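The values are calculated or read from the model by the stated rules, or taken from the named source; none is laboratory data. Bear in mind the structure is a predicted one, so any value in this text is a computation, not a measurement. Every residue, glycine as well, gets a Cβ built from its backbone with ideal geometry; the counts of neighbours run over all protein chains shown. What goes into the accessible areas is simple: the full protein's heavy atoms, side chains included, and nothing from ligands, DNA or RNA. Shrake-Rupley method; radii C 1.70, N 1.55, O 1.52, S 1.80 Å.
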Amino acid sequence: YNTPGSSVDPNSKQNRTPWGLQSDGNVWGIDINRDFTWFVTPETRAMAELSTDWQPQTMLDLHCCPPVFFMTPTGPPDHPMWPKSNRKWANRSLDIAQKEFGKRGYSMSSGMDYAGITYLGHGITWGLLGPTISGQMFESIGGVPALRRSDGSVVTIKDGIERHIIGTRAVMKNLSENKQELLKDAYNLSINS
C-alpha cells in the first residue's frame with residue numbers, strides 16, 4: 001500500500017492484484033511478458049526503448065512460479081529470424097548450470113519440452129529479433145511462500161532464489177569465459193542484418 005502512485009482504496013485492483021494465481025499480469029491484469037507484439041504497456045515500451053538504444057549482446061530473463069526450475073534452450077522450433085548463435089549460448093550456460101545443480105542435488109530441466117517462448121509476442125523472442133544474439137530465460141520454482149509439488153516435495157521462495165543465483169552465475173561464467181566469441185557473434189550479426 002505504500003507504493004508511490006498506488007490507490008488508497010484497499011479494494012482497488014492495484015491493491016488486490018492476482019499474484020496468487022501465479023499470473024504474469026501487471027496491476028491491470030496484462031501479461032507484460034507477452035506484450036512484445038503490441039507494446040500496450042509502459043513497461044514493455046520502456047524495455048524496448050532501452051534495449052534498442054543499448055544494443056546488449058545478451059539478455060537474461062528471470063521468471064518464477066512453476067513447480068520446477070528450468071532454463072533455456074526450450075524445445076524447437078526456433079523462430080527462423082532468431083540468431084543461429086542463440087541455441088549455442090543457451091546450451092553452454094545450461095551445461096554449466098546443470099553441473100552446479102548436480103553438485104547440490106537439485107533437479108532442473110532444460111525446458112526442451114516447453115515451447116512457450118517460441119512466438120514473437122514473448123519478451124525474450126522480441127529481444128532476439130533485434131538487439132541481442134543470446135537470450136536466456138529461467139523459470140524458477142517457489143513463486144509462493146511454499147508450494148507442494150505433485151511428488152509431495154515442498155519448494156519455497158528461498159529455493160527459487162538460490163536456483164536463480166546458480167543459473168545467473170552459470171550464464172555469467174559462460175559469457176565471461178567466452179567474451180571474445182560473444183563479441184564476434186554480435187559483430188557478425190550486426191554486419192549481416
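A few comments on the model shown:
- Ordering of 157-168, 99-110 by packing [mean C-beta count within 10 Å, highest first]: 157-168, 99-110
- Eligible lysines near residue 84 by straight Cα distance, threshold 23 Å, same-chain separation 8 or greater: 173, 179, 184
- Note on residue 103: aspartates and glutamates with a C-alpha under 18 Å away, same-chain residues under 8 apart excluded, are 95, 159, 162.
- Between the stretch 165-185 and the stretch 53-86, the Cα center-to-center distance that results, in Å: 14
- Estimated distance in nm for a label pair at residue 154 and residue 192, the labels positioned 7 Å out from Cα along Cα-to-Cβ: 5.2
- Within the accessible area of the stretch 34-73 (1.4 Å probe), percent carbon and sulfur: 65
- Per-peptide average of other Cβ atoms within 10 Å, ordering 172-184, 83-95 highest first: 83-95, 172-184
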